[in-house]
Each structure stands twice: as C-alpha cells, then as structure tokens.
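Asker: Dumping the structure here so I can ask a few things about it.
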Amino acid sequence: MKKIVPVILFVALCLLAGYVSRLLQASSLEMWYYTLVQSPLTPPAAVFPVVWSVLYILMGVAAGILWGERSIYSRLLFTLFSLQLLFNIAWSFCFFYMQSPLMGLVVILAMDMLALIYVAGCFVVRKLAGWLMVPYMLWLLFATYLNGFVAVYN
C-alpha cells in the first residue's frame, strides 16, 4: 500500500496537468485550430485526448515508481519531471491560448530536451520507469513535428 500511494498521487497530478491543458485549448479548438493548415500525418481529433490520457497515466506511474528511490539523481529527476510537466501546460498556453504556433514550437523544443534528459535519468535509476516514459517521448517528438509543420505552413 505504501508504494501505491505515490503512484496514485503522481497519476492524479499528471491528469490534472492534462485537464488544465485542455481548459487552455478549449476555445481555440472550437474556432482557430481547425482553420490551420495541418500535416497530412495529423491524427483525427478524437485520438488526442485518448493518447494524452494514457501518456499522463504512464508518466504518473513512472514518477510514482521513482518516488521511493534514493539516489543522487532523485532530486534532479523530480525537478526535471516538474519542469517538463509545467512546460507541457505552457505549450498549451502558447500554442492554443495565445494562438502562436511559433511560440509553441519554442516551448515544445525545450520540453523535448527536458523530457529526454528526464527519460535518460529514469533509465539510470529504474529501467521500468524509463520504459514507461518511452511512449511519451515518442509522442512528444511527433507532436513537435506537428507543431513545426503548423508553424511553417501558417
């Protein structure tokens, strides 16, 4: 029971970040986003909330697994986790709320770096946590491509 509590709390935190991001996107999704030229690889709209929900759960489980670890990397990992989660919300603010694909691209590129370092650190401390973060990293790189496409073609 002691090990499951951090997992539940981190999953809840990640889902809360997703909810905040969704609130920031709401008005732009209704009017602005679908007027943009998008990549032919852009998935249907229904895919995004499902994928992000799964990714937030995996992120929370990975962070919960790391919570009990005592290593020299622990503090750094939780700093990186927090920063990349804040950048995740900041991306929604910049791209959707501010309606700025270019600002979104700058934020998502920084988020890529933070997430990459975090995922690498996860593998050092607990391989399972690292593997749980791989889908997020892959999706984030795909999202970077989608954001870049929108920034270039609009």
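Asker: Please compute the length gained on full extension between LEU128 and SER39, using 0.36 nm multiplied by the number of residues separating them and subtracting their Cα-Cα distance.
Answerer: Result for the pair: 28.7 nm of gain on full extension.
Asker: Whole-Hz Karplus ³J(HN,Hα) for segment 147-154, in order, using 6.51 cos²θ - 1.76 cosθ + 1.60 and θ = phi - 60°, x for Gly and Pro?
Answerer: 4, x, 4, 4, 5, 6, 9, 10
Asker: Specify which labelled value, from (1) 29, 15, 13; (2) 25, 23, 16; (3) 24, 18, 15, agrees with semi-axes √(5λ) of the Cα gyration tensor in Å derived from the coordinates of the model shown.
Answerer: (1)
Asker: I've got another one for you. Under 10 Å, Cα contacts only: if you run a Gaussian network model on the chain, which one of MET98, MET31, MET113 comes out with the highest mean-square fluctuation?
Answerer: Maximum fluctuation in the GNM of the chain, among the listed residues, is at MET31.
Asker: While we're here: Through the Karplus equation 6.51 cos²θ - 1.76 cosθ + 1.60, θ set to phi - 60°, convert the phi angles of segment 67-84 into ³J(HN,Hα) values in whole Hz; use x for Gly and Pro.
Answerer: 3, x, 6, 10, 9, 5, 8, 4, 4, 4, 4, 6, 5, 5, 4, 5, 5, 5
Asker: Using a 10 Å cut-off on Cβ atoms, rank the peptides 104-110, 90-96, 144-150 from the highest mean neighbour count down.
Answerer: 90-96, 104-110, 144-150
Asker: Across segment 92-99, in residue order, what do the Karplus-derived ³J(HN,Hα) couplings come to in whole Hz, using 6.51 cos²θ - 1.76 cosθ + 1.60 with θ = phi - 60° and x for Gly and Pro?
Answerer: Each residue of segment 92-99 in turn: 4, 5, 5, 5, 8, 5, 7, 6 Hz.
Asker: For segment 1-65, which trypsin sites (Lys or Arg not before Pro) pass both filters: DSSP loop (anything but H, G, I, E, B) and at most 10 other C-beta atoms within 10 Å?
Answerer: Those that pass, being in a loop and sparsely packed, are LYS2, LYS3.
Coordinate-derived values only; no laboratory data. This is a predicted model, so every value here is computed, not measured. Heads up, the Cβs are rebuilt from the backbone with ideal geometry, glycines too, and the neighbour counts pull from every protein chain shown.
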